[in-house]
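A short reminder: the numbers here are calculations on the coordinates, not readings from a lab. Bear in mind that the values here come from a model prediction, so they are computed numbers and not experimental data. Quick reminder, even Gly has a Cβ in these numbers, built from the backbone with ideal geometry, and neighbours come from all protein chains shown.
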Amino acid sequence: MKKVEAYIKKHRLNEVIEALHMIDGLTGVSVLDVKGFGRTREKEGAVHIVDNIATAVPHVKLEIVCMDTVMDTIVATIQKAAHTGLRADGKIYLSNIEDALRISTGERGEGAV
């Protein structure tokens with residue numbers, strides 16, 4: 001099992017969700033409103049990191065726990081649907097999930113996803 005965490009621009013959320021709905025084997029998506037900041041690069045010189053929460057930009061975080069077999073499709077779908085061609089389109093992070101538990105039934109492992 002894998003966990004996909006994607007940080008995308010808010011205005012791309014509908015396109016991303018519509019594209020994700022087309023994936024067979026996708027069990028669900030959690031959507032969270034988040035704020036953050038990244039590196040701003042001057043045209044020349046050192047990288048300056050802005051860390052003032054007042055200037056934090058609103059984004060959306062998607063969390064998806066999925067089977068290994070659909071992870072690449074999910075990542076490609078998010079990348080394509082979230083892409084605007086401009087800087088700061090977002091990031092996608094992938095990690096392994098050791099186990100899962102469905103609270104309602106007690107089912108564990110892949111069946112709980």
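Here are a few things to note about the model shown:
- Pairs of lysines in the chain (C-alpha under 23 Å apart; 8 or more residues apart or interchain): 22
- Net charge over other residues, Cβ less than 15 angstrom from the Cβ of Ala100 (K, R count +1; D, E count -1): -2
- Two-decimal Rg to Rh for the stretch 55-112 - Kirkwood Rh, Cα set: 1.09
- Estimated [θ] at 222 nm from DSSP helical runs (n ≥ 4, -39500 (n - 2.57)) normalised by residues in the chain, nearest 500: -6000 deg cm²/dmol
- Angle between the chain longest axis and helix 68-82 axis [Cα atoms, degrees, rounded to 10]: 30
- The chain: proportion of alpha-carbon pairs further apart than 24 angstrom, %: 36
- Amide H contacts under 5 Å for His59, placed H, 5+ residues apart: Val34, Lys35, Gly36
- Top positive-direction residue, dipole computed over the stretch 2-112 with Cβ charges, set Cys66, Gly109, His21: His21
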